[in-house]
Amino acid sequence: MKLGVNIDHIAVLREARRVNDPDIMDALSIVKRSGAEQITIHLREDRRHIQDSDAVNICHLSPLPINLESAIAPDVIDLIIKIKPHRVTLVPEKRQEVTTEGGLDIVSNFNELKKVIDKLHAHEIEVSLFIDPVEDILQTAKELEVEWLEFHTGKYANIYAMLNSNLRASHHTIQSLELPRKALNEMLKYELKNLELVALSAKNMGFCIAAGHGLNYHNVKDIVKIEAIEELNIGQSIIARSIFVGLQNAISEMRELLK
């Protein structure tokens with residue numbers, strides 16, 4: 001299984017003080033040296049971490065393919081077309097959210113998405129949709145003619161965290177529900193099985209399959225067992241781990257888990 005390392009949180013630390021350190025460009029060679037196959041960044045509309053100049057420099061200088069996450073904001077799409085990352089992953093985006101809270105609504109936004117996807121394809125950029133693992137929307141994704149689907153694993157990650165009291169669940173999912181462990185275990189099994197079945201269906205339809213969001217050194221082991229998934233994009237947990245062991249070791253440790 002391939003590993004895409006999301007390096008956004010290096011820029012989060014830099015932007016906290018509006019200084020030049022840490023330099024996100026220093027991460028590029030380390031990510032490659034550590035055995036990852038891809039670098040992922042998210043150029044948000046509010047530019048809260050990755051800046052336009054970061055996106056330009058990373059796309060031009062990265063030794064690895066770039067997966068650039070983006071909403072369908074016209075100014076971001078125009079920049080993407082100029083810098084031509086290997087892949088664009090279209091994601092939902094809300095200004096007030098701490099992190100992406102769910103998958104893209106590809107049914108309600110079909111027409112807008114189709115225009116953006118056709119525009120990206122015209123410039124030879126492959127496209128992925130970041131969606132919830134729901135069987136019913138796969139045909140809509142097929143009609144959008146994208147190459148990749150990336151399934152949102154946030155719900156799985158939050159249930160896992162609640163089952164393990166030393167881990168912290170995200171604030172926006174199932175929090176404050178006092179559920180017995182048996183119920184949580186059943187929910188976790190359901191999420192894993194659903195992800196497995198939907199990923200297999202999507203693969204059989206011709207999509208390449210990725211997954212990500214909330215994955216860490218504790219909960220990734222069961223996701224790795226899903227054969228239809230060929231790539232995981234993981235960021236926050238790797239960057240957090242790197243504070244204590246260094247970025248190369250943090251990536252290498254995650255790479256070993258994916259084997």
Original post:
Any chance the stretch 179-202 includes a residue that's part of a loop (DSSP other than H, G, I, E, B) and in contact with a helix residue (DSSP H, G or I) (Cβ under 8 Å, 6 or more places away or on another chain)?
Top reply: yes
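Yes or no, residue by residue, for (1) of a type outside the set (D, E, K, R); (2) modelled with pLDDT under 95:
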| position | (1), (2) |
| --- | --- |
| LYS142 | no, no |
| VAL146 | yes, no |
| THR153 | yes, no |
| TYR156 | yes, no |
| ASN164 | yes, yes |
| LEU167 | yes, yes |
| THR173 | yes, yes |
**OP:** Go through ASP21, ASP8, ASP46, ASP26 for me and flag whichever is modelled with pLDDT under 95 and under 20 Å from GLY246 (Cβ atoms).
**Re:** ASP21
Subject >> Among (1) over 16 Å from THR40 (Cβ atoms); (2) assigned to a loop (DSSP other than H, G, I, E, B); (3) acidic (Asp, Glu) - the single one GLU112 does not satisfy >> reply: (2)
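Looking at the stretch 231-259, which of its residues are open to solvent by less than 70 Å² (accessible area, probe 1.4 Å) and either more than 22 Å from ILE24 (Cα to Cα) or at pLDDT below 95 (or both)? Walk me through how you get there before you give the answer.
Step one: of the stretch 231-259, the residues open to solvent by less than 70 Å² (accessible area, probe 1.4 Å) are 231-235, 237-240, 242, 245-247, 250-255, 258.
Those that are open to solvent by less than 70 Å² (accessible area, probe 1.4 Å) and either more than 22 Å from ILE24 (Cα to Cα) or at pLDDT below 95 (or both): GLU231, LEU258.
Could you check the stretch 126-163 and list, in sequence order, the residues that are acidic (Asp, Glu), under 19 Å from HIS86 (Cα atoms) and not in a loop (DSSP other than H, G, I, E, B)?
First, pick out the residues of the stretch 126-163 that are acidic (Asp, Glu): 126, 132, 135-136, 143, 145, 147, 150.
Now restrict to residues that are under 19 Å from HIS86 (Cα atoms): 126, 145, 147, 150.
Listed by number, the residues that qualify are GLU126, GLU150.
Residues checked against (1) modelled with pLDDT of 95 or more; (2) assigned to a helix (DSSP H, G or I); (3) open to solvent by 20 Å² or more (accessible area, probe 1.4 Å):
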{"position": "LYS32", "(1), (2), (3)": "yes, yes, yes"}
{"position": "ALA36", "(1), (2), (3)": "yes, no, no"}
{"position": "ILE58", "(1), (2), (3)": "yes, yes, no"}
{"position": "PRO63", "(1), (2), (3)": "yes, no, yes"}
{"position": "GLU69", "(1), (2), (3)": "yes, no, yes"}
{"position": "ASP78", "(1), (2), (3)": "yes, yes, yes"}
{"position": "LYS82", "(1), (2), (3)": "yes, yes, yes"}
{"position": "PRO85", "(1), (2), (3)": "yes, no, no"}
{"position": "THR89", "(1), (2), (3)": "yes, no, no"}
Original post:
What's the number of the condition LEU215 fails, among (1) out of contact with any helix residue (DSSP H, G or I) (no Cβ under 8 Å at 6 or more places or on another chain); (2) of a type outside the set (Ser, Thr, Tyr); (3) part of a loop (DSSP other than H, G, I, E, B)?
Top reply: (1)
**OP:** Would you mind stating whether ARG255 is free of Cβ contacts under 8 Å to residues at least 60 places away in the same chain, over 27 Å from GLU135 (Cα atoms) and of a type in the set (Lys, Arg)?
**Re:** no
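The values are calculated or read from the model by the stated rules, or taken from the named source; none is laboratory data. None of the values given here were measured: they were computed from a predicted structure. A quick note on method: Cβ atoms are made from the backbone with ideal geometry, for glycine too, and the neighbour counts reach across all protein chains shown. Ligands, DNA and RNA are stripped out before the accessible areas are found, and what is left, the full protein with its side chains, is counted by its heavy atoms. Shrake-Rupley method; radii C 1.70, N 1.55, O 1.52, S 1.80 Å.
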